[in-house]
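The values are calculated or read from the model by the stated rules, or taken from the named source; none is laboratory data. Everything numeric here is computed off the predicted structure, so don't read it as measured data. Reconstructed Cβ throughout: ideal geometry from the backbone, glycine too, with neighbour counts over all protein chains shown.
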Amino acid sequence: MRYKMKLSEHTLQKGKFITPINSLPKMHELEDEKSWTYGRMPEYLWIGLLLKYYGRDEGLRMSYGIISELHKLAPGLHTARLSQILKLDENIQKKFFDYIVCAGGKE
């Protein structure tokens, strides 16, 4: 099985090298908002850190507490994505940050 792809197998379009799979019709790069790296990975990292440090049960309780507090502070927010939290009013962000740091997410 071949693991490395040759640069000659890529095409240059608008200053970017495009892999053969992305050259297929109907294939296109994911936008930043749809990209796993930009969209979900930051949240999964934080959840993973909570679970690793506090264990499954306590980590899940803390995650629930954090999400519940975010919902109280910003009931119109439909997702707990970091990119959306950073768009909130600065005062709401501060209250949310204070909750996480001071209370540790514990109720």
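For the stretch 74-84, give me each residue that is surrounded by fewer than 18 Cβ atoms within 10 Å (Cβ to Cβ) and either in contact with a Gly (Cβ under 9 Å, 6 or more places away or on another chain) or touching a residue at least 12 places away in the same chain (Cβ under 8 Å) (or both).
The initial filter retains those residues of the stretch 74-84 that are surrounded by fewer than 18 Cβ atoms within 10 Å (Cβ to Cβ), namely 75-84.
Scanning the stretch 74-84 gives 80, 81, 82, 83.
Only residues that are closer than 17 Å to residue 44 by Cβ and in a loop (DSSP other than H, G, I, E, B): list them for the stretch 54-85, please. So that I can check it myself, show each step before the final result.
Initially, the stretch 54-85 is screened for residues closer than 17 Å to residue 44 by Cβ, giving 54, 56, 59-60, 62-64, 66-67, 70, 79-85.
Once the filter is applied, which keeps residues that are closer than 17 Å to residue 44 by Cβ and in a loop (DSSP other than H, G, I, E, B), the stretch 54-85 yields 79, 80, 81.
Of all residues in the stretch 32-49, count the ones that are modelled with pLDDT of 90 or more and closer than 22 Å to residue 102 by Cβ. Quick ask: steps written out before the conclusion?
Within the stretch 32-49, the first condition is being modelled with pLDDT of 90 or more, and the residues that meet it are 48-49.
Going one step further and asking which of them are closer than 22 Å to residue 102 by Cβ, we end up with 49.
Of the residues in that region, 1 qualify.
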